[in-house]
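Colleague: Take this structure first; my questions come after.
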Amino acid sequence: MQDAPTSELPSEEAPVLTPVDAGPSGIESLSDAVRKSVTTITRGDKTWHIIGTAHVSEESVNDVRKVIEAVNPDTVAIELCDTRYNSLTDENRWEKLNIFEVIREGKTLMLLANLAIGAYQRRIGAQLGVKPGAEMIEAAKIAQDTGATLYLADRDIQITLKRTWQNIGFFKRMALLGGILDSLTGGGDVDAETIEELKEAEQLSSMLEALSKELPEVKGPLIDERDLYMVSKLREAPGNTIVAVVGAGHVPGMKKHFDDEIDRAQLTTLKPPSRWVKSLKWAIPAAVLLAFVWGFMQHGQESLQSLITAWVLPNIIFAALLTLLAGAKLPTVVVAGIASPITSLNPLLNVGMPVGFCEAWLRKPTVADAERIADDVQSIKGFYKNAFTRTLLVTVASIIGSALGAWVGIGWMGSIFASIS
C-alpha cells in the first residue's frame with residue numbers, strides 16, 4: 001500500500017472548502033453533467049467514486065473539485081506514480097537531470113519519448129488554458145486541504161514504457177517514434193468541446209477499438225495492464241470512501257475488471273528477453289565474423305575484402321548520416337561512423353554511448369538548457385535549439401542508423417555469398 005507522497009504540493013493558494021455531508025446525498029447533490037463523469041462501485045462497507053477525466057480539460061478540474069467536496073472521502077486516489085507526481089510538482093526537476101547519466105544508463109530513447117508526449121499534451125493544454133494533469137494536482141490539493149489520504153494508484157511510468165517497448169518489434173518502434181515526433185508539429189487546434197467529447201462512452205469505445213486494431217501491442221501495456229494495476233491498488237486504498245481520479249479511457253476497463261483476481265507483481269515485472277532474442281544478439285555477430293573467415297579461406301583476400309566492405313560501409317554511412325541529420329557536430333558524426341561497425345559486432349556495446357558522450361562533451365548542456373526543456377520541446381525547432389535535447393536526438397539517431405546499417409550490411413554480405421557459392 002502506498003502512503004501519501006512526501007513531495008510538497010505547488011505553493012498556489014488552495015481553495016477554501018466547505019465540509020459536506022458524506023452520506024448518500026453527496027453524489028446525488030451534484031448536477032447530472034458532473035455525475036455523468038463518475039462511476040460508483042460499492043463492495044460491502046467500501047465505496048469507490050471513479051471520476052473519468054480528460055487530462056487537459058478545465059471541466060475535468062471543476063468536476064474533480066465538486067465531487068471531492070460533495071463526497072468528503074477518506075482517500076483521494078490519482079492516476080499518477082511517484083515519478084509522474086514529482087514531475088508535476090517539482091519545478092526544479094530538470095536542474096537535477098544529468099545528461100551523461102542518462103546516456104550511460106541507456107535512457108535516452110525513453111526520455112525523448114516522454115518529452116515528446118508531454119510536449120503534445122502541453123501544447124493542447126496551452127490552447128485550452130489548462131496545464132496537463134491539472135485535475136490530478138487539483139485532487140492532490142483538495143486531499144491535503146481536507147485531510148484525506150493522497151494515494152498514488154498508477155504503475156511506475158518507466159515500467160509501463162519499457163513493457164510497451166518490449167511488446168513491439170523494430171519497425172513498429174520506428175513507426176511509433178515517428179508518430180510521437182510528428183505530434184510536435186501536427187495536430188492543429190483542439191477546442192474544449194472536442195476534448196469533452198472524448199470522455200463520452202461512445203467516443204471512448206470507438207477510440208479504444210481503433211487503437212486495438214492499429215496497435216494492439218501498445219494498447220495492452222499502455223491501457224489494459226494499467227486498468228488492472230489501478231483496480232488492484234484501489235481495492236487496497238485505505239478508508240471506506242475513496243474518490244479516484246483517472247483518465248476517462250481507463251474507466252470502462254477498470255469497471256469491467258473490478259472484481260477480477262489480479263496478479264500485480266506480474267504487471268510490474270519486465271519480461272526477460274527470450275532465448276531466441278538472446279541467441280540472435282550473439283548469433284549475428286558470430287555469423288558475420290565466421291563469414292569473414294570463410295570468405296578468406298575459400299576465396300582469398302579479395303573475397304574477404306568484399307565481405308568487410310559490405311559490412312563496414314553501410315554501418316558507417318547509415319550511422320553517420322542519421323547522426324548528421326539529427327544535427328550532430330562533425331566530430332560526433334565521425335565517432336558514429338567509426339563506432340558503428342565495431343559496436344554492431346558486440347552486443348555488450350552500444351553506439352549511442354560514445355556518440356552521446358561526444359556530443360554532450362562538445363555541446364556542454366547547462367542547467368539553463370535543462371530549465372528550458374519544457375518550453376523548447378514544444379516544437380522540432382526547439383528540440384534542435386536546446387543543447388540537452390539535441391544531444392538526446394543525436395544519440396537516438398546514431399542507434400537507429402547503426403541498426404539500419406547492420407541490416408543492410410547483412411543483406412549485402414548475403415548477396416556476395418550467393419554470387420561466389
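Please treat every number below as a calculation from the coordinates, not as lab data. From a predicted model like this one, the values you see are computed outputs, not experimental measurements. Heads up, the Cβs are rebuilt from the backbone with ideal geometry, glycines too, and the neighbour counts pull from every protein chain shown.
Colleague: Please give the net charge around Thr160, taking every other residue with its beta carbon less than 11 angstrom from that of Thr160, where Lys and Arg add +1 and Asp and Glu add -1.
Modeller: Overall, the nearby charge balance is +2.
Colleague: A further question follows. Can you tell me which of 408-419, 156-167 comes out highest on packing, and rank the rest after it, using the mean Cβ neighbours within 10 Å? Can you show the working numbers first?
Modeller: Working: 408-419: 14.8, 156-167: 17.3.
My ranking of the peptides, most packed first, is 156-167, 408-419.
Colleague: Hey, can you rank 72-84, 27-39 by average C-beta count inside 10 Å, highest first?
Modeller: Result, highest mean Cβ count within 10 Å first: 72-84, 27-39.
Colleague: Mind listing which GluC sites (Glu not before Pro) in region 214-286 are in a DSSP loop and have 16 or fewer other Cβ atoms within 10 Å?
Modeller: Those satisfying the criteria are Glu236, Glu261.
Colleague: Quick one: order Val367, Val333, Val218 by neighbouring beta-carbon count within 10 Å, fewest to most.
Modeller: Val367, Val218, Val333
Colleague: Treat the count of other C-beta atoms within 10 Å as a stand-in for reagent exposure and order Tyr151, Tyr384, Tyr85 from fewest to most.
Modeller: Details: Tyr151 26, Tyr384 14, Tyr85 21.
Neighbour counts put them in this order, fewest first: Tyr384, Tyr85, Tyr151.
Colleague: I'd like the Karplus ³J(HN,Hα) series for region 78-83: coefficients 6.51, -1.76, 1.60, θ = phi - 60°, whole numbers in Hz, and an x wherever there's a Gly or Pro.
Modeller: 10, 7, 9, 9, 4, 4
Colleague: Let me ask another. Can you classify region 275-420 as rounded, prolate or oblate using the Cα gyration tensor, where a ≥ b ≥ c are the square roots of its eigenvalues, rounded means a/c under 1.5, and otherwise it's prolate if a/b beats b/c and oblate if not? Before the final figure, lay out the partial values.
Modeller: Values: a/c = 3.06, a/b = 2.55, b/c = 1.20.
Verdict is prolate for region 275-420.
Colleague: Further question: Output the peptides 41-47, 346-352, 244-250 sorted from most to least packed, where packing is the average of other Cβ atoms within 10 Å over each peptide's residues.
Modeller: By packing density, highest mean first, the sequence is 244-250, 346-352, 41-47.
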